[in-house]
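Chemist: Below: one structure in structure tokens.
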């Protein structure tokens, strides 16, 4: 998981992230119909948009990879 930085206001902590995911999960239903999800794995994840909570837009938000490089 990477981090985000808003270059417009300096925010490093608060972002609204809209993403689309495809998840495979093991659903275990009891005889009474109660559901427990015992295993879950993300097959595909796409970040659709990121906007800054402080200044309200996503025009200058960049993704920071874990090794310090920017995208």
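The values are calculated or read from the model by the stated rules, or taken from the named source; none is laboratory data. Please read all numbers here as calculations on a predicted model, not as lab measurements. Reconstructed Cβ throughout: ideal geometry from the backbone, glycine too, with neighbour counts over all protein chains shown.
A quick yes/no check of all residues on (1) part of a loop (DSSP other than H, G, I, E, B); (2) in contact with a helix residue (DSSP H, G or I) (Cβ under 7 Å, 6 or more places away or on another chain); (3) surrounded by 10 or more Cβ atoms within 10 Å (Cβ to Cβ); (4) at pLDDT below 95:
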position	(1), (2), (3), (4)
16	no, no, yes, no
23	no, no, yes, no
26	no, no, yes, no
31	yes, no, no, no
41	no, no, no, no
44	no, no, no, no
68	yes, no, no, yes
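Chemist: Filter region 46-57 down to residues that are without any contact (Cβ under 8 Å) to a residue 40 or more places away in the chain and either closer than 11 Å to residue 5 by Cα or in a strand (DSSP E or B) (or both), then give me how many there are.
Modeler: Count: 5.
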